[in-house]
Amino acid sequence: HLGLGYLQLGRSEESRKTLARLLARHPDHALSLNAQGTALASLDRYQEAIDCFLKADRLSPARPESLENLALAYIKTRKFSQAEATARRALSMAPRPRSQAILGHALYLQERLDEAEPCLRAALLADPSDTGSRTLLASLLRRLGDPGQAHDLLAGLECDHPEVRLSLSMCLKDMGRIEEAITHVDEAIGQDQASPDLLRCRSQLLLQAGRL
């Protein structure tokens, strides 16, 4: 319907208003509640989104989509243990790559890296195009002391997203390939000049290269 159409076009506020009118007439429509939660989450209104996802789950408890969205909202509000439990419940319904990825993210944020790794690998095996899981797994491998494997995960990506370039730069830094790392981070800054993480990384790299 129209609210979902607006959401797919990235017009979150119009989607929220349209869905609010629909829900005023049909307050127990689970699909609309899930869509409204997604619209609210995209507007950074996470607690309202959580309320929508919880109600959608109560009305239609066999749908993992609402649980996945709820787990993501819990991650955004730093409720990591609740995110983990919710993602596990979604996985108990169906072994969806998205649920695996969300569970891996929740475990990573709780510093349970050994448990997060197989979840992220499973998500990536099922969906090799999942850039988020690939980048997070690379970060995890770097923290476990394997920047070479992390680099290999990212190097073949045909993706110019600044976050991917930043992760690749950090892998190269850990491998001692400082000049290559500077090149990647400079390209990322060209796309996102306001990112404090990119600017901080560049300063560290230049200092390490003796150029500051």
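The values are calculated or read from the model by the stated rules, or taken from the named source; none is laboratory data. Bear in mind that the values here come from a model prediction, so they are computed numbers and not experimental data. Cβ coordinates were reconstructed from backbone atoms using ideal geometry, including for glycine residues, and neighbour counts include every protein chain displayed. Accessible surface areas use protein heavy atoms only, side chains included; no ligands, DNA or RNA. Shrake-Rupley method; radii C 1.70, N 1.55, O 1.52, S 1.80 Å.
At 1.4 Å probe radius, can you tell me the per residue accessible area of the range 53-212 in Å²?
Working: 7980 Å² over 160 residues.
Averaged over the residues of the range 53-212, the accessible area is 50 Å².
With a 1.4 Å probe and every protein chain kept in, tell me what percent of the accessible surface of the chain is carbon plus sulfur.
On the way: 5580 of 10840 Å².
The C+S portion of the solvent-accessible surface of the chain is 51 percent.
Helix 162-174 against the longest principal axis of the chain: what's the angle in degrees, Cα atoms only, rounded to the nearest 10? With rounding to tens, the tilt is 40 degrees.
Roughly what angle does helix 131-143 make with the longest principal axis of the chain, taking Cα atoms, 0 to 90 degrees, to the nearest 10? So the inclination is approximately 50 degrees.
With Cβ to Cβ distances under 14 Å as the rule, what net charge do the other residues near PRO64 carry (K, R +1; D, E -1)? Show your work: numbers first, answer last.
Numbers: positive: ARG63, ARG88, ARG89, ARG96, ARG98; negative: ASP57, GLU65, GLU68.
My count for the surroundings of PRO64 gives +2.
Counting pairs of alpha carbon atoms under 8 Å apart in space and at least six apart in sequence, what relative contact order in percent does the chain give?
Working: 279 pairs, mean separation 18.8, N = 212.
Computed value for the chain: 9 percent relative contact order.
Under a Cβ-Cβ cut-off of 15 Å, what is the net charge of the residues other than LEU9 that fall near it, where Lys and Arg count +1 and Asp and Glu count -1? After counting each charged neighbour, the total is +1. Is the C-alpha gyration tensor of the range 91-212 telling us rounded, prolate or oblate? Criteria: a/c under 1.5 is rounded; beyond that, a/b larger than b/c is prolate, otherwise oblate. Since a/c reaches 1.5 and a/b is larger than b/c, the shape of the range 91-212 is classed as prolate.
Let me know the whole percent of all Cα-Cα pairs from the range 31-98 that are separated by more than 20 Å.
Values: 401 of 2278 pairs.
Looking at the range 31-98, the distances longer than 20 Å represent 18 percent of pairs.
For ARG96, no residue 5 or more places off, or on another chain, has a built amide H under 5 Å of its own.
Computed over the chain with a Gaussian network model linking Cα atoms closer than 10 Å, the most mobile of HIS29, HIS184, HIS105 is HIS29.
Charge dipole of the range 1-160 (Cα centre as origin; +1 on each Lys and Arg Cβ, -1 on each Asp and Glu Cβ, all else neutral): 620 debye, rounded to the nearest 20.
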